[in-house]
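Structure record follows, encoded as structure tokens.
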Amino acid sequence: MSAHATSTGLSSLTLDGGRSRRRFAIFASLVLAYNIPVILWGAYVRVSFSGDGCGANWPFCNGQVIPQRMSVPTIIELTHRLMTGVDSVLVIAMCVLAFLLFPPKHAVRRYSVWSLVFLFVEALLGAGLVLFRMVARDQSVGRVWYLSGHLTNTLLLLGALTATAWVAARNVEWMRAKYFSRPMLGGLFATVFVSVTGAVAALGDMLYPASSLPAGIRQDFSGSSSMLLRLRTVHPIFAVAGAAYLLWLAARGLQQNEDREWKKAAAILAGVVIVPLAAGMVNLSLLAPIWMQLTHLFIADLVWIAAVVLALQTAVRTSLRPAR
């Protein structure tokens, strides 16, 4: 074989590899996007009191793969399980493709594996909710802690999926933990914490609905009220503080850096971080209807994704700075 033919073959392989990786980045982005409705439908299972729609059975529904007779709660719960099953296939496929298309130790491989790990944990936590009967109208303290852990893992899953799509799109080969700045890690932690307090507040809204806004406020500050209602007052305080901190991080990115991608990520975070505060006020004034709770959760997920992207962009730019 001539040198020219060999060179042409190598160029063709490189070109095909580049196209395949770009297609992988699109696929990973679609997997990330698909997880949003999966998460929202999971929340709908909770707020519609459909968590026990399949009984205390997992992975089967009322002891059957597809029940013959299904009530509305059963349909809602079974739909979520089917959506999760599709999600599992997509994430496994993404992980396999990552190992086929990218070299060893590539960041895409690492984050795709983390995505699969967090998805596996997510499935186990979902099964635990059903098997331990922490669903429907359960008011136990254990449900509060379990729900908090479940939401934290959900955000970690979204973060890993975001990172997979992001590093694939930009072909970032490695990402060392030391390049994630402490302020950005603090912002991610604050976002998770605010989200957890929001989940607790939503659980209180669901289990102890108020007839009016003044009645709800009286519930929150009554000494005889459930712990869930007293904890509900904490969320707005932390939400405002967390939003202020994320805005500060975004402002730093806009003022201290000339990199266009970094500024774009900071501008997006700054643009979306205020929206949950407005959504929260509307949710409160309307006494937390289901559609508004889901809208609020959707916006909160977008804020989390935007924060993860800014953290990744910051880490990449930090790694490229010359050592002093």
*In segment 212-225, what residues are touching a residue at least 40 places away in the same chain (Cβ under 8 Å) and in a loop (DSSP other than H, G, I, E, B)?*
Ser212
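Here is a check on your reading of the model: is Gly198 in contact with a helix residue (DSSP H, G or I) (Cβ under 6 Å, 6 or more places away or on another chain), closer than 30 Å to Ala315 by Cα, touching a residue at least 60 places away in the same chain (Cβ under 8 Å) and buried (at least 21 other Cβ atoms within 10 Å of the Cβ)? Show your work before the answer.
Details: in contact with a helix residue (DSSP H, G or I) (Cβ under 6 Å, 6 or more places away or on another chain): yes; closer than 30 Å to Ala315 by Cα: yes; touching a residue at least 60 places away in the same chain (Cβ under 8 Å): yes; buried (at least 21 other Cβ atoms within 10 Å of the Cβ): yes.
Yes; evaluated as a whole, the condition is true for this residue.
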_Given the condition within 30 Å of Ile92 (Cβ to Cβ) and either outside the structural domain of Leu119 (by TED's automatic domain parsing) or in a helix (DSSP H, G or I) (or both), answer yes or no: does some residue in segment 196-203 qualify?_
yes
*Would you mention how many residues in segment 53-105 are among the charged types (D, E, K, R), surrounded by fewer than 19 Cβ atoms within 10 Å (Cβ to Cβ) and in contact (Cβ under 8 Å) with a residue 12 or more places away in the chain?*
1
_Need pairs with beta-carbon distance below 6 Å; first residue surrounded by 20 or more Cβ atoms within 10 Å (Cβ to Cβ) and within segment 20-48, second outside any helix (DSSP H, G or I) and not aromatic (Phe, Trp, Tyr); sequence gap 6+ or separate chains._
Val45/Gly51
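Yes or no, residue by residue, for (1) under 15 Å from the mean Cα position of the chain (by Cα); (2) in a helix (DSSP H, G or I); (3) in the same structural domain as Pro236 (by TED's automatic domain parsing):
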{"site": "Ala93", "(1), (2), (3)": "no, yes, no"}
{"site": "Leu116", "(1), (2), (3)": "yes, yes, no"}
{"site": "Leu119", "(1), (2), (3)": "yes, yes, no"}
{"site": "Gln139", "(1), (2), (3)": "no, no, no"}
{"site": "Leu151", "(1), (2), (3)": "yes, yes, no"}
{"site": "Leu157", "(1), (2), (3)": "yes, yes, no"}
{"site": "Val167", "(1), (2), (3)": "no, yes, no"}
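So that you can scan it fast, the table gives a plain yes or no per residue for (1) closer than 22 Å to Ala43 by Cβ; (2) surrounded by fewer than 17 Cβ atoms within 10 Å (Cβ to Cβ); (3) touching a helix residue (DSSP H, G or I) at 6+ places or on another chain (Cβ under 7 Å); (4) in the same structural domain as Ser50 (by TED's automatic domain parsing):
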{"residue": "Ala190", "(1), (2), (3), (4)": "yes, no, yes, no"}
{"residue": "Leu213", "(1), (2), (3), (4)": "no, yes, yes, no"}
{"residue": "Ser222", "(1), (2), (3), (4)": "no, yes, no, no"}
{"residue": "Ser225", "(1), (2), (3), (4)": "no, yes, yes, no"}
{"residue": "Leu229", "(1), (2), (3), (4)": "yes, no, yes, no"}
{"residue": "Ala243", "(1), (2), (3), (4)": "yes, no, yes, no"}
{"residue": "Gln255", "(1), (2), (3), (4)": "no, yes, no, no"}
{"residue": "Arg260", "(1), (2), (3), (4)": "no, yes, no, no"}
{"residue": "Leu286", "(1), (2), (3), (4)": "yes, yes, yes, no"}
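Looking at this structure, is Arg182 touching a residue at least 24 places away in the same chain (Cβ under 8 Å), surrounded by fewer than 23 Cβ atoms within 10 Å (Cβ to Cβ) and charged (D, E, K, R)? Spell out how you get there, then give the answer.
On the way: touching a residue at least 24 places away in the same chain (Cβ under 8 Å): no; surrounded by fewer than 23 Cβ atoms within 10 Å (Cβ to Cβ): yes; charged (D, E, K, R): yes.
Here the answer is no, as Arg182 does not meet what is asked.
Which one is surrounded by the most Cβ atoms within 10 Å (Cβ to Cβ) among residues in segment 151-179 that are under 17 Å from Cys95 (Cα atoms) and either without any contact (Cβ under 8 Å) to a residue 24 or more places away in the chain or not hydrophobic (A, V, I, L, M, F, W, C) (or both)? Please lay out each step first, then the result.
Of the residues in segment 151-179, the ones under 17 Å from Cys95 (Cα atoms) are 156-169, 171-174.
Adding the requirement that they be either without any contact (Cβ under 8 Å) to a residue 24 or more places away in the chain or not hydrophobic (A, V, I, L, M, F, W, C) (or both) leaves 159, 162, 164, 171, 173.
On the way: Gly159: 24, Thr162: 24, Thr164: 31, Asn171: 14, Glu173: 12.
The extreme case among them is Thr164.
The values are calculated or read from the model by the stated rules, or taken from the named source; none is laboratory data. Note that the structure is a prediction, hence the values are computed from the model and not measured. Note that each Cβ is placed from the backbone with ideal geometry, even for glycine, and that neighbours are counted across all protein chains shown.
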